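The values are calculated or read from the model by the stated rules, or taken from the named source; none is laboratory data. Remember, it's a predicted structure, so these values are computed and weren't measured experimentally. Cβ coordinates were reconstructed from backbone atoms using ideal geometry, including for glycine residues, and neighbour counts include every protein chain displayed.
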């Protein structure tokens, strides 16, 4: 099986795309954790639940 050769420019493009995906996913996780209620927590958001625990 022949290995595919990537140019330096292609590799940089792939890494930038992956970094962008990581940023987008991190934003989604933050939004989901802060804005969406969880039934397993009694329906507060995780952020509200954590704040209540810190009191």
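If only one of 15, 41, 53, 25 is surrounded by 10 or more Cβ atoms within 10 Å (Cβ to Cβ) and modelled with pLDDT of 90 or more, which one is it? I'd like the intermediate steps shown before the answer.
Numbers: 15 fails: modelled with pLDDT of 90 or more; 41 fails: modelled with pLDDT of 90 or more; 53 fails: surrounded by 10 or more Cβ atoms within 10 Å (Cβ to Cβ).
It is 25.
Based on this model, can you work out whether residue 47 counts as at pLDDT below 85 and part of a helix (DSSP H, G or I)?
So residue 47 passes the test.
In this structure, is residue 6 surrounded by 10 or more Cβ atoms within 10 Å (Cβ to Cβ) and over 22 Å from the mean Cα position of the chain (by Cα)? Please lay out each step first, then the result.
On the way: surrounded by 10 or more Cβ atoms within 10 Å (Cβ to Cβ): yes; over 22 Å from the mean Cα position of the chain (by Cα): yes.
For residue 6, the condition - surrounded by 10 or more Cβ atoms within 10 Å (Cβ to Cβ) and over 22 Å from the mean Cα position of the chain (by Cα) - is met.
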